[in-house]
Amino acid sequence: MENVPVDLAELGRVAGRLARALRPGELVLLYGPLGAGKTTFVREVARSLGVRDTVRSPSFTIANVYAGAECRINHLDLYRLEEIADEDVVALEEYVEPAAVTLVEWPESGLERLGRPQWTVLLEHDSVRTRRLTLRAEGAEQAARWRAAAEPDA
Ligand SMILES: Nc1ncnc2c1ncn2[C@@H]1O[C@H](COP(=O)(O)OP(=O)(O)OP(=O)(O)O)[C@@H](O)[C@H]1O
Ligand SMILES: [Mg+2]
């Protein structure tokens with residue numbers, strides 16, 4: 001989907017659909033400016049995957065790890081990557097692992113180490129209550145799963 005206006009409820013539905021289409025081992029990169037809704041989107045994906053913990057951006061580390069119903073969810077935010085200790089930075093690629101779904105806010109400074117994403121999400125400001133959302137499946141397999149994950153009545 002490309003540049004679609006979404007309110008909070010619609011953003012939640014898109015996140016739920018991505019949660020159904022996602023598989024462990026996959027990487028989701030989330031782009032967009034401050035306050036565009038990246039964390040909100042991750043929270044909805046995590047909730048759909050059965051996470052009951054509070055989902056908010058990691059503040060003094062790169063990553064929060066949540067327990068989902070069927071797999072781990074790694075939530076990374078690289079906004080302050082430069083300020084984070086070297087040993088953590090070295091561990092960046094280790095978050096992308098077969099047993100977990102990994103979602104990354106502000107991925108720009110980690111692109112080489114993270115590797116290629118299976119999914120890309122772009123959020124941009126629109127009105128106070130809406131955002132423009134672009135979601136791209138980066139492979140044929142993901143695109144097929146995305147289609148299959150549509151709501152029955154949508
Ligand atoms: N349609 C919408 N979609 C997403 N968020 C919305 C929408 N409308 C209003 N909001 C609000 O905008 C804010 C988005 O904040 P959020 O922390 O998710 O952004 P972010 O992209 O993660 O920012 P940062 O770059 O600081 O990490 C939230 O307070 C959310 O409730
Ligand atoms: Mg955020």
Do we find that residue 19 is surrounded by 17 or more Cβ atoms within 10 Å (Cβ to Cβ) and more than 16 Å from ligand 2 (Cβ to nearest atom) in this structure?
yes
Could you count how many residues in segment 135-152 are closer than 29 Å to residue 92 by Cβ and not in a loop (DSSP other than H, G, I, E, B)?
9
Go through segment 110-122 and give me each residue that's polar (S, T, N, Q) and part of a strand (DSSP E or B).
120
What are the residue pairs meeting all of these: first residue in segment 39-65, first residue under 17 Å from residue 133 (Cβ atoms), second residue among the small types (Gly, Ala, Ser), Cβ atoms under 6 Å, and 6 or more apart or on different chains?
39/57; 41/15; 44/12; 44/15; 45/15; 45/19; 48/16; 48/19
Just a yes or no: is a residue in segment 29-43 assigned to a loop (DSSP other than H, G, I, E, B) and more than 13 Å from ligand 1 (Cβ to nearest atom)?
no
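Conditions (1) polar (S, T, N, Q); (2) in a loop (DSSP other than H, G, I, E, B), marked per residue:
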position	(1), (2)
46	no, no
50	no, yes
59	yes, yes
124	no, no
129	no, yes
133	no, no
Out of curiosity, is residue 59 within 16 Å of ligand 2 (Cβ to nearest atom) and open to solvent by 30 Å² or more (accessible area, probe 1.4 Å)?
yes
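The values are calculated or read from the model by the stated rules, or taken from the named source; none is laboratory data. These figures come from a predicted structure and were not determined experimentally. So basically every Cβ, Gly included, is an ideal-geometry build from the backbone, and we count neighbours across all protein chains shown. Quick note on the areas: whole protein, heavy atoms, side chains included, nothing else; ligands and nucleic acids left out. Shrake-Rupley method; radii C 1.70, N 1.55, O 1.52, S 1.80 Å.
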